[in-house]
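Asker: Mind looking over this structure? Questions follow.
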Amino acid sequence: MKICCDCGILKPLSDFYKLKNGWIYKRCKVCYLDKYSPNRGKPNTGRFKKGNIPLTRKKIDGKQSNRTKEWCKAVKERDNYECQYCKSKEKLHAHHIKKWKEHRELRFNLNNGLTLCSSCHAVLHGKENCNLLKNGTSWIKGKKLSKEYIQKLSDAHKGKKLSEETKIKISKASKGRKHTEETKRKLSEIHKGMKHTFESRKKMCESRKGKPSHRKGKKHTPEAIKKMRKSHKNQIPWNKDKKTGQIPWNKGKKMSEEYKENHKGFNKGNIPWNKGLKDFMKGRIVSEKTKKKMSESAKLRYEKILAGDIA
């Protein structure tokens, strides 16, 4: 038994409401309903009656009216249910070319409508930063994500491939943006010691095929040269104490007696071709291609000499 705080009558516990935590409410059921629902039993005439639409939405020319819905459908049908900017067929909106508020007479004109996807529509209205709050700051600014949460995100996105449309949108959104010094430092720390796989190298090679080098015609600035010198200082060369593994082309081959006799005193009295040209090759660096060509031509000549084709 319990006394109600409003009516003051001693009543059984069954006449009181029981809360989730096991506690019994201080008012009986009758007093509770009198306090919080005084209009019970009366006909519902309020604006929130079931099936009743508020006046703002009930207007014939309102955004939620049947007329606007029909107009949206007609615009999408005319454009074959396709975004007219990125050709996407998902999350389509009917956009008013001339503003809804300013041009009342063109609200339901088909020529004033254009089908756009949700992202293109947002960009058109200057709402491309959808992840920003009303004051313009990011919702994640100042917050640190836990390692577990980051792992969950990475697992969720694993194996998923972005479509060409989303790639184009991401590239357009990030165009012109520059990383801050902090982000640059963080990225350099993350990528330190990381190496490209054979597959990624192959892809990079294929993508660059036929394209000129991004450094072509450009020179390093004095600051960049200084930085490079500092970074390479006290570094051990990658090929130190390493054998190249190349076997000389004439290893194990001996000249025939005929060749020796024929070429005995061959150069006697001849003026060397490089006489007076001591500094001709000084300081010159020969590329790998030219080295290969020279070695191949020397091999062919030596083989011809051994065969007896050249005297």
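Throughout, read-outs are computed from the coordinates displayed, never taken from laboratory work. Source: prediction; values computed, not measured. Please note: Cβ atoms are built from the backbone with ideal geometry, for glycine as well, and neighbour counts cover all protein chains shown.
Asker: Which whole-Hz ³J(HN,Hα) couplings does segment 224-235 yield from phi under the Karplus relation 6.51 cos²θ - 1.76 cosθ + 1.60, θ = phi - 60°, glycine and proline marked x?
Answerer: 5, 5, 4, 4, 4, 5, 5, 5, 8, 5, 6, 8
Asker: In whole Hz and in residue order, list the ³J(HN,Hα) couplings for segment 154-162 that follow from phi through the Karplus curve 6.51 cos²θ - 1.76 cosθ + 1.60, θ = phi - 60°; x for Gly and Pro.
Answerer: Each residue of segment 154-162 in turn: 5, 5, 5, 8, 5, x, 7, 10, 6 Hz.
Asker: What FRET efficiency would be calculated for the residue pair K73, S118, taking the C-beta separation as r and a Förster radius of 22 Å, to the nearest 0.05?
Answerer: For K73 and S118, the calculated efficiency is 0.80.
Asker: Something else about it: Amide H to amide H, which residues 5 or more places from K11 or on other chains are under 5 Å from it, using H placed in the peptide plane?
Answerer: K2, I3, C4
Asker: Here's a follow-up. How high is the FRET efficiency between A298 and K240 when r is their beta carbon distance and R₀ equals 35 Å, given to the nearest 0.05?
Answerer: That gives a FRET efficiency of 0.75.
Asker: Taking the simple approach of a point 7 Å from Cα along Cα-to-Cβ for both Y259 and L10, what is their distance in nm?
Answerer: Between Y259 and L10, the simple spin-label model gives 13.0 nm.
Asker: Explain nothing, just compute: Karplus ³J(HN,Hα) = 6.51 cos²θ - 1.76 cosθ + 1.60, θ = phi - 60°, for every residue of segment 173-183 in order, whole Hz, x for Gly and Pro.
Answerer: 5, 8, 5, x, 7, 10, 6, 6, 4, 5, 5
Asker: Still on this model: Based on Cβ point charges of +1 for Lys and Arg and -1 for Asp and Glu, what charge dipole magnitude is obtained for segment 63-124 about its Cα centre, in debye rounded to the nearest 20?
Answerer: 220 debye
Asker: May I pose another question? List W71, W100, W238 from most exposed to least, where exposure is judged by having the fewest other Cβ atoms within 10 Å.
Answerer: Lowest count first: W238, W100, W71.
Asker: Here's a follow-up. Structure shown: which of K175/K218; K203/K226; K158/K202; K89/K211; K211/K293 lie over 28 Å apart, alpha-carbon to alpha-carbon?
Answerer: Result: K203/K226; K89/K211 exceed 28 Å.
Asker: Could you list which residues have their amide H under 5 Å from that of H95, counting only those 5 or more apart in sequence or on another chain, with H placed in the peptide plane?
Answerer: Long-range HN contacts for H95: L114, T115, L116.
Asker: Something else about it: R0 = 51 Å: FRET efficiency of K289 with K186, Cβ-based, nearest 0.05?
Answerer: Efficiency for this residue pair is about 0.80.
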